[in-house]
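Participant: Okay, handing you the structure first.
The values are calculated or read from the model by the stated rules, or taken from the named source; none is laboratory data. The structure displayed is predicted, hence computed values, not measured ones. Virtual Cβ from ideal backbone geometry, glycine too; neighbours counted across all protein chains shown. Accessible surface areas use protein heavy atoms only, side chains included; no ligands, DNA or RNA. Shrake-Rupley method; radii C 1.70, N 1.55, O 1.52, S 1.80 Å.
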Amino acid sequence: GGEYAGASTFIAEYAPDKRRGFLGSWLEFGTLAGYIGGAGLVTLLTAVLSADDLLSWGWRLPFLIAGPMGIIGLYLRMRLEETPAFAAEIEKAEAARPKVPLREMVTGQWRALLLCVGLVLVFNVTDYMLLSYMPSYLTSELHYDETHGLLVVLAVMALMMIAQPFVGALTDRVGRRPVIAVGCAGFLFLSIPALLLIRNGSLAAVGLGMGALGLLLVCFTAAMPAALPALFPTRVRYGSLSIGFNVSVSLFGGTTPLVVTALIGATGDMMMPAYYMMAAAVIGGFAVWRMAESAGRPLPGSAPSVEAPKS
């Protein structure tokens, strides 16, 4: 979570300008692989352990598995070198790492930060709604079996992984803005029909509704890793993107399950998840309208990046 800005910046600054969307899409491919690994393990434990065993000792197993993976991730993170784009900034600063005041990262980039917050809002509200909240919605509100609810979400994530690199490559051809705009329009007009399908209760209807929302979400997961870093110049990219991304996720993304559950409890309206996604789509659509197209162009503050010729 906290390293998303760093990971997307790292990929974006290494990627050739004409393949940044495709290469950036693999960031979310890895995220989905992690989600599937985690959700799959929980599904397995839920299926093979009794409720008492799961509460007494079974819940520790995912943490015991994740611990070594965290150490591996920390090792990789500490071994990373600076990107060529940032190394050029260091050279311009006479071989000293440029120090960027927090004020420059925030007030000097206020317009780009607002666009970042809007784009991340629609990206993460829909992401948390589909991948985090929907299993609970299927179980608590629609009385679906817990294991079946998780299996449906696992299938949706697998579908998203398949589509991810293809949609990423598409953003290099047609641009980031059209793809993100399609995602916003889709959530605005299809959230209600998709949720009505999900509420139908049959496995086919639930799968169709969840699958439609998952493919719309790919418009964001495939495009954002390339689109967000392009909002900021190289000098402040990592810091400004980290601030904008994590503030937006904390305020709007991570709170989505809690807020939607509270809204359903207060209003009794089971369609509240659709309304919430529609509201996020409107905000995201406005941000897309105001952002500049970045596909096929150098990152702000960086020289053109071209792919090395094949020998």
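Participant: Can you tell me which residue among I264, I180 is open to solvent by less than 20 Å² (accessible area, probe 1.4 Å), out of contact with any Pro (no Cβ under 7 Å at 6 or more places or on another chain) and modelled with pLDDT under 95?
Facilitator: I264
Participant: Can you name every residue in segment 196-230 that is under 22 Å from V182 (Cα atoms) and not in a helix (DSSP H, G or I)?
Facilitator: L228, the sole residue that qualifies.
Participant: Only one of G253, G284 is within 21 Å of I180 (Cβ to Cβ), in contact with a Cys (Cβ under 6 Å, 6 or more places away or on another chain) and open to solvent by less than 40 Å² (accessible area, probe 1.4 Å); which?
Facilitator: G284
Participant: Quick one: F166 ticks every box in (1) farther than 20 Å from I192 by Cβ; (2) under 12 Å from the mean Cα position of the chain (by Cα) bar one, so which box is it?
Facilitator: Result: F166 fails condition (2) only.
Participant: Separate question: Looking at T46, T9, can you tell me which residue is out of contact with any strand residue (DSSP E or B) (no Cβ under 9 Å at 6 or more places or on another chain), open to solvent by 30 Å² or more (accessible area, probe 1.4 Å) and of a type in the set (S, T, Y)? Steps first, answer last, please.
Facilitator: Numbers: T9 fails: open to solvent by 30 Å² or more (accessible area, probe 1.4 Å).
The match here is T46.
Participant: So, in segment 109-129, of the ones that are surrounded by 17 or more Cβ atoms within 10 Å (Cβ to Cβ) and over 18 Å from the mean Cα position of the chain (by Cα), which residue ends up modelled with the lowest pLDDT?
Facilitator: Checked segment 109-129; the qualifying residue modelled with the lowest pLDDT is Q109.
Participant: Return the residue satisfying two criteria in turn: it lies in segment 29-49 and is modelled with pLDDT of 90 or more and either of a type in the set (S, T, N, Q) or not in a helix (DSSP H, G or I) (or both), and of such residues it is farthest from S132 (Cα to Cα).
Facilitator: Residue satisfying both the conditions and the ranking: L49.
Participant: Which one is surrounded by the most Cβ atoms within 10 Å (Cβ to Cβ), of the residues in segment 50-62 that are assigned to a helix (DSSP H, G or I) and of a type in the set (G, A, S)?
Facilitator: G58
Participant: Among what's in segment 195-213 and is of a type in the set (A, V, I, L, M) and surrounded by fewer than 18 Cβ atoms within 10 Å (Cβ to Cβ), pick the residue that is farthest from M134 (Cα to Cα).
Facilitator: Across segment 195-213, the extreme among qualifying residues is A204.
Participant: Same structure again: Being closer than 23 Å to Y276 by Cβ, polar (S, T, N, Q), open to solvent by 10 Å² or more (accessible area, probe 1.4 Å) and free of Cβ contacts under 8 Å to residues at least 24 places away in the same chain is true for just one of S132, S140, S136. Which residue is that?
Facilitator: S140
Participant: Could you please let me know if P233 is open to solvent by 10 Å² or more (accessible area, probe 1.4 Å) and not in a helix (DSSP H, G or I)?
Facilitator: Taking the combined requirement at face value, the residue satisfies it.
Participant: Just one of the numbered conditions (1) over 22 Å from E293 (Cβ atoms); (2) in contact with a helix residue (DSSP H, G or I) (Cβ under 7 Å, 6 or more places away or on another chain); (3) part of a helix (DSSP H, G or I) is not true of G118; which one?
Facilitator: Status for G118: all satisfied but (1).
Participant: Tell me, which residue of segment 65-100 that is at pLDDT below 70 and more than 23 Å from A12 (Cβ to Cβ) is most open to solvent (accessible area, probe 1.4 Å)?
Facilitator: Residue satisfying both the conditions and the ranking: E94.
Participant: Before we move on, is A223 at pLDDT 95 or above and under 21 Å from D17 (Cα atoms)?
Facilitator: Criteria met by A223.
Participant: Looking at segment 146-164 only, could you name the residues that are touching a Ser or Thr at 6+ places or on another chain (Cβ under 6 Å) and either polar (S, T, N, Q) or open to solvent by less than 20 Å² (accessible area, probe 1.4 Å) (or both)?
Facilitator: T147, G149, Q164, listed by residue number.
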